[in-house]
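Peer 1: This is the structure I want to talk about, given as structure tokens.
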Amino acid sequence: RLNKIQTSGLAQFVPSKTATSDEYTITIPRLNIINLNVGRANPYDGKGALKLLDNFALGHYLSPPGSGRKLVLFGHSWGYDWYRSPYKSILEKIDQLQAGDMIYINYQERGYVYSMYKNEIIPEKSDGVIMNNPEKNELALYTCWPLNTTKNRYVIYGKPV
């Protein structure tokens, strides 16, 4: 489902299938993520959300893109050696995102652009706060942090452009 190619010494991820109407794609140029599939997850089913990440680069909670409400995305930043998902470290360089970096989403044949405006690190036990303010028109993207732990969450926030 994912092909990894080398360009200029940087790994670049590209999709090998087209997203369905229940899925969509995301591009984050700074992380060399190009048109990777995002799958919808149930925020009340943690095991199901983790299982979803076996087949999708990122998972999605709350509202869809373009709804004018909060869109929450999550993915792995690391994985055990035995874990074979090609997405197990898709967000390992999330800390390289900077204010003003763009995130592009293609959803139901429409494009949406978000500009990163802040980041924060929160304790794992507080990760529910990422879902706060569901009426706010923003994107939140998070992963476990630091690498090789689940101690904290690294969260970036983007505003629609």
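Peer 1: Express in % the proportion of alpha carbon pairs of the chain at distances exceeding 29 Å.
Peer 2: Beyond 29 Å sits 9 percent of the P(r) for the chain.
Peer 1: Might you tell me the accessible area per residue for segment 15-161, computed with a 1.4 Å probe and given in Å²?
Peer 2: It amounts to 52 Å² per residue over segment 15-161.
Peer 1: Which residues' amide hydrogens lie under 5 Å from the amide hydrogen of N35, considering only partners 5 or more residues apart or on another chain, with H built in the peptide plane?
Peer 2: Here the answer is I26, T27, I28, since their amide H atoms fall under 5 Å of that of N35.
Peer 1: Still on this structure, please answer the following. If one puts a single equal scatterer on every Cα of segment 43-118 and applies the Debye formula without solvent, what log₁₀ I(q)/I(0) results at q = 0.11, 0.15, 0.16, 0.23 Å⁻¹?
Peer 2: Reported log10 I(q)/I(0), two decimals: -0.34, -0.63, -0.71, -1.23.
Peer 1: Summing +1 for each Lys or Arg and -1 for each Asp or Glu, what net charge is found among the other residues whose Cβ lies under 15 Å from the Cβ of E135?
Peer 2: +3
Peer 1: Tell me the carbon and sulfur percent of the accessible area for the chain, rounded to whole percent, probe radius 1.4 Å.
Peer 2: 48
Peer 1: Tell me the relative contact order for segment 89-161 as a rounded percent, counting alpha carbon contacts under 8 Å between residues six or more apart.
Peer 2: 34
Peer 1: Moving on. For Cα pairs less than 8 Å apart in space and 6+ apart in sequence, what is the mean separation divided by the residue count of segment 26-161, i.e. the relative contact order in percent?
Peer 2: Relative contact order, segment 26-161: 23 percent.
Peer 1: Next question. For segment 98-104, take each phi angle, set θ = phi - 60°, evaluate the Karplus expression 6.51 cos²θ - 1.76 cosθ + 1.60, and give the result in whole Hz per residue in order, putting x for glycine and proline.
Peer 2: Each residue of segment 98-104 in turn: 10, 3, x, 4, 9, 10, 10 Hz.
Peer 1: Going by amide H atoms built from the backbone, whose H comes under 5 Å of the H on N55, apart from near neighbours?
Peer 2: Close amide H contacts, sequence-distant or interchain: none at all.
Peer 1: Ordered by residue, what ³J(HN,Hα) values in Hz, to whole numbers, does segment 31-37 give under the Karplus form 6.51 cos²θ - 1.76 cosθ + 1.60, where θ = phi - 60° and Gly and Pro are x?
Peer 2: 9, 6, 9, 10, 6, 8, 6
Peer 1: From the protein chains alone at 1.4 Å, what is the descending order of accessible area for L50, L141, largest first? List each step's numbers first, then the result.
Peer 2: On the way: L50 100, L141 0 Å².
From most accessible down to least: L50, L141.
Peer 1: Here's a follow-up. Between K136 and E109, 0.36 nm times their residue separation minus their Cα-Cα distance comes to what?
Peer 2: My answer for the length gained is 7.4 nm.
Peer 1: Going from most exposed to least, what order do K159, K47 have by accessible area with a 1.4 Å probe?
Peer 2: Per-residue accessible area, sorted high to low, gives K47, K159.
The values are calculated or read from the model by the stated rules, or taken from the named source; none is laboratory data. Because the structure is predicted, anything quoted here is derived from the model rather than measured. We place every Cβ from the backbone using ideal geometry, glycine too, and count neighbours over all the protein chains shown. SASA here: full protein model, heavy atoms, side chains in, ligands and nucleic acids out. Shrake-Rupley method; radii C 1.70, N 1.55, O 1.52, S 1.80 Å.
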